[in-house]
Every structure is written in C-alpha cells, then in structure tokens.
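Below is one structure, written out as structure tokens; comments come after it.
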Amino acid sequence: MEEVKLLGFWVSPFSIRVEMALKLKGIDYEYIEAQLPIKKCPNIVKYNPIYKKVPVFLHNGKPIPESLVILEYIDENWKDGTSLLPKDPYQRAMARFWAKFMDEKCLPEVVKLCYDSNYEVKVKAMGELQELLKLLENELIKDNNNIFFGGENKVGYMEIVSILITYWLGVMQEVLEVDILNKKEFPNLCGWADKVISCSFMKENLPPREKLLAIYKEYAQPLVLPNNELSQ
C-alpha cells in the first residue's frame, strides 16, 4: 500500500491544483489542512522548512513541495489513467513554459495588486498584469500547439495550473472593484476561462466563489486613492 498525503489550505489555488491532479488520476490520498499561520504550522515547518508554504505532497513519507513540481511527479509516477501533460515532447515543453509564466510572471503582480497597501504599487501591478495577460491572449489566438485543453478539449495540466487566472483572478477583481480581465480586451482568454470553470470536473473541485470572496474581502488591501488625490 502506498501512502499518499497532501498538506494544503483550501484557499490556496496551488493546493487545489494538486487535489485536482490526484482526483483526475484517481489516486487515493489523505488531505491534511494546514494550521494558521501556515509559516508556523508544525507540519509545514517539518516538511517544507525552506519555503514554509503549501502545498506539500507526501509519498510514502517523502515530502515534495511546490505545486508544479508535484504535478509533474504525480504524472510521472502514476502513468495509468489520465495524462496531465501532453504526450508530445514539444507540447509538454510549451505547457511547462506557460505554467512557469503564470507562476513567475503573473503571480507576483497578482500578489501586489491584492495585498500591497501602496496605491502606486497596486496601479503599476494592474498595468503590468494586463500586459502579461496580453501575451497569454496572443498565445491562445495562435495555439497551433494545442497545449490548452490538451488539443482534445479535455482537462489537463494547463487547465489545472491556470485556475490562478481563470478563477482566482476573477474573485480578486470583484473584491478590489477593478477591471483587468474582461471580454472586450481579452476575448480568447475570457472564453477559455469560461470553458475551464464550466467543466463539471472543475466546478466540483473548485472552492465555492462566495467563500473565497468572503476571505479576500477580509484580507485584501482595497485600491484606494491617496487622500491628497481624493480631495482634488
């Protein structure tokens, strides 16, 4: 018997990525909700002492951190059933590239927009994020490599990874009352996002929108003009 555990947090899109991969593969696992504050959670400190973040995947007692690393490990170790990454080597490489683009380029701007208290930083982050989303929009237009929906109109690696943009960003937009990802400027990206979150598998495994809204309304920093600008 293999022992599979996931240390996660229900608000984290990165934890949800791993849960989705496990369910898509049909892998039995034990879910352990991390205690707050996460950086001081005993299990997180023990199994991910470098970053002190969720998710942490435990396979027969061996810990693996970082959601993208975990997804590839799951796909390589459990080859039966649904494949997460495309089978074609070039398509796999491009899927990895755009996954890293979301996490390394888009995520920092999302974090600034949501949590930074400085108005100018938030406005700059909003502009940077829109420019980054234009690159993703253009890639969707010319998606000859079929890395989105795996070329077979099914949920796979990119759909799971993209929930940061296709689901969480929409929640943050509503909380912050900003308009970043919209159908006028990003028709293909919004269309793809609608397809992703309307899949029955995705709807069954995404946290309820109302619960996420309540959490982000509590912790997100609103986009408010400085007093001197409000008075002008």
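Points worth noting:
- Most positive-pole-ward Cα, Pro89, Leu135, Phe186, against dipole of the chain from beta carbon charges: Pro89
- Rounded accessible area of Ser12 (nearest 10 Å², 1.4 Å probe): 10 Å²
- Anisotropy class of the chain from Cα gyration tensor, a/c 1.5 cut: oblate
- Protein accessible area in the chain, 1.4 Å probe - carbon and sulfur %: 51 percent
- Positive-end residue, the chain charge dipole about Cα centroid, Cβ charges, pick of His59, Val121, Tyr29: His59
- Sequence of Phe97, Phe201, Phe57 when ordered by accessible area, the most exposed leading, probe 1.4 angstrom: Phe97, Phe201, Phe57
- Gaussian network model of the chain, springs between alpha carbon atoms under 10 Å - residue of Val121, Val110, Val155 with greatest fluctuation: Val121
- For the chain, the dipole from Cβ point charges (+1 on Lys and Arg, -1 on Asp and Glu) about the Cα centre works out to 340 debye, to the nearest 20.
- For the stretch 23-86, averaging the sequence separation of C-alpha pairs within contact (under 8 Å, six or more residues apart) and dividing by the residue count gives a relative contact order of 26 percent.
- Computed over protein heavy atoms with a 1.4 Å probe, the accessible surface of the chain works out to 53 Å² per residue.
- Cα gyration tensor category, rounded, prolate or oblate, for the stretch 1-120 with a/c compared to 1.5: oblate
- Lysine pair count for the stretch 54-175 with Cα-Cα distance under 17 Å and sequence separation of 8 or more or different chains is 10.
- Computed over the chain: relative contact order in percent, which uses C-alpha pairs under 8 Å that are six or more apart: 18 percent
- Relative to one another, the C-alpha centroids of the stretch 169-207 and the stretch 41-61 are positioned 30 Å apart.
The values are calculated or read from the model by the stated rules, or taken from the named source; none is laboratory data. The shown structure was predicted, so the numbers you read here are calculated from the model rather than taken from an experiment. Note: ideal-geometry Cβ built from the backbone for every residue, glycine included; neighbour counts use all protein chains shown. Heads up: the accessible areas ignore ligands, DNA and RNA and are worked out on the full protein's heavy atoms, side chains in. Shrake-Rupley method; radii C 1.70, N 1.55, O 1.52, S 1.80 Å.
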